[in-house]
Amino acid sequence: MTYLVEEHKNQGNHLFTFKDLKNIDINAAHRVKAEIKGYMDNHDNHVIIDLDGIEFIDSTGFGALISILKTCKEKDKKLVLINVKSEILELMDLMQLLQVFDVKESLQDGIEFVKA
């Protein structure tokens, strides 16, 4: 099976990027959630999810991200989304998800956030 998510270590944090994926929708959300949670089961680090290249997230995709956030909170770890396209930010604002997720512009901003 090919993986949709690539995991990288960055200053003691998990950085997740997406490989050949443009939409986190009903077709990909379950796998994205399972892959990220699989890494999280074996490690105890803060999580940075890089959404660079992601053009659309539907309700199942946001549900997967909320599930990942819940797992982070249970482990007393932070989750931050970085490089989020303006169209997705607008959708998150409409869905009032900007009050739920921490969103930063860049990897450096994300690293500084999880260190705080």
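The values are calculated or read from the model by the stated rules, or taken from the named source; none is laboratory data. All values reported here derive from a predicted model rather than from experimental measurement. All Cβ positions, even for glycine, are placed from backbone atoms using ideal geometry, and neighbour counts span all protein chains on display.
Restricting GLY61, GLY38 to those that are farther than 20 Å from SER106 by Cβ and modelled with pLDDT under 95 reduces the list to GLY38.
Select from segment 101-116 the residues that are of a type in the set (D, E, K, R) and assigned to a helix (DSSP H, G or I) and write down the one among them that is nearest to ASN45 (Cα to Cα). I'd like the intermediate steps shown before the answer.
Step one: of segment 101-116, the residues of a type in the set (D, E, K, R) are 102, 104-105, 109, 112, 115.
Applying the additional criterion that residues be assigned to a helix (DSSP H, G or I) yields 109, 112, 115.
Details: ASP109: 17, GLU112: 14, LYS115: 11 Å.
Step by step, filter segment 101-116, then rank; the result is LYS115.
One line per residue, one yes/no per condition, for (1) under 22 Å from LEU4 (Cβ atoms); (2) within 12 Å of the chain's Cα centre (by Cα); (3) among the small types (Gly, Ala, Ser):
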{"position": "ILE36", "(1), (2), (3)": "yes, yes, no"}
{"position": "LEU51", "(1), (2), (3)": "yes, yes, no"}
{"position": "GLU55", "(1), (2), (3)": "yes, no, no"}
{"position": "PHE62", "(1), (2), (3)": "yes, yes, no"}
{"position": "GLU74", "(1), (2), (3)": "no, no, no"}
{"position": "VAL84", "(1), (2), (3)": "yes, yes, no"}
{"position": "PHE113", "(1), (2), (3)": "no, no, no"}
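Residue count for segment 43-58 under the criterion of being in contact (Cβ under 8 Å) with a residue 40 or more places away in the chain and part of a loop (DSSP other than H, G, I, E, B): the result is 1. When segment 73-96 is filtered for residues that are surrounded by fewer than 19 Cβ atoms within 10 Å (Cβ to Cβ), in contact (Cβ under 8 Å) with a residue 24 or more places away in the chain and part of a helix (DSSP H, G or I), the ones remaining, listed by number, are GLU87, LEU91.
All of PHE56, PHE18 fail the test of being surrounded by fewer than 20 Cβ atoms within 10 Å (Cβ to Cβ), of a type outside the set (Lys, Arg) and within 21 Å of LEU97 (Cβ to Cβ), apart from PHE56.
Across segment 60-71, not a single residue is classified as without any contact (Cβ under 8 Å) to a residue 60 or more places away in the chain, among the basic types (Lys, Arg) and surrounded by 14 or more Cβ atoms within 10 Å (Cβ to Cβ).
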